[in-house]
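Beneath this line is the structure, given in structure tokens, with notes to follow.
The values are calculated or read from the model by the stated rules, or taken from the named source; none is laboratory data. Not measured: the values here are computed from a predicted model. Note that we place each Cβ from the backbone using ideal geometry, even for glycine, and neighbour counts take in every protein chain shown.
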Amino acid sequence: MNKFTPNFLAFIFTALFVGLGLSYYSLADGRFIGAYHIGSWATWANAGAPNPDPYTKAFVSLGTTLQLGRSEGVQFVAQRDEGGELLLRECNYSIIGNAPPASFWTLRALAPDGHSITPLNATQSMNSKRLSRSNNGVATINIGSKLSPQNWLEIEGEGYFEVNLTLYDASVLSGFGGTINTMPIIKNKGCS
């Protein structure tokens, strides 16, 4: 009986540690549990569903933005470039390629806590109506603190950031037969 108590307590402690750790991860990020991935991008495909899974419910409940219904739109988040490195504000990036089909989309650069990292006097987001394209129709959006030609989203500060691409009135992942074949690529163009 004396040996049983330390082993039992160790088992309980391990179970609590693992359980609370996984719960924290699923609430804090959890993109490996309930998210759909394509390249550097991830989305909570069930966020706007009538009956989302428990991980999606938990993640969405911590958010500060209004969740769109599945037929209204979907938001993709990228925290890493094509090489798997975390996005840093000290670096300049090019997002190359076209967004999945949607009536309208916006692209924003945000700090991990969700606030904008673009200067107050600068354009706060890129969108599908305000975009120049190359002759072959491919769009390139440059993100960084250094002035860049064509489409440029200025950011400031130091540390990590994420890029949010929100598709409005999109059929992708909505249950209406839409699929995603490709997403834009995020290339690191150098760091200061």
Task: Residues being among the polar types (S, T, N, Q) and within 16 Å of TRP105 (Cα to Cα) - total across region 136-154 - done: 2
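Would you mind stating whether SER128 is surrounded by 13 or more Cβ atoms within 10 Å (Cβ to Cβ), under 21 Å from ILE38 (Cβ atoms), of a type in the set (Gly, Ala, Ser) and in the same structural domain as TRP41 (by TED's automatic domain parsing)?
Here the answer is yes, as SER128 does meet what is asked.
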Open item on the list: Restricting to region 106-117, name every residue that is under 14 Å from the mean Cα position of the chain (by Cα) and outside any strand (DSSP E or B).
Closed with: ALA111, PRO112, ASP113, GLY114, HIS115
- [ ] Determine, yes or no, whether LYS146 is surrounded by 12 or more Cβ atoms within 10 Å (Cβ to Cβ) and either modelled with pLDDT under 85 or assigned by TED's automatic domain parsing to the domain that holds TRP41 (or both).
- [x] yes
Open item on the list: I'm checking my understanding of the structure. Among residues of region 77-105 that are surrounded by 20 or more Cβ atoms within 10 Å (Cβ to Cβ), touching a Phe, Trp or Tyr at 6+ places or on another chain (Cβ under 8 Å) and not in a loop (DSSP other than H, G, I, E, B), which one is modelled with the lowest pLDDT?
Closed with: TRP105
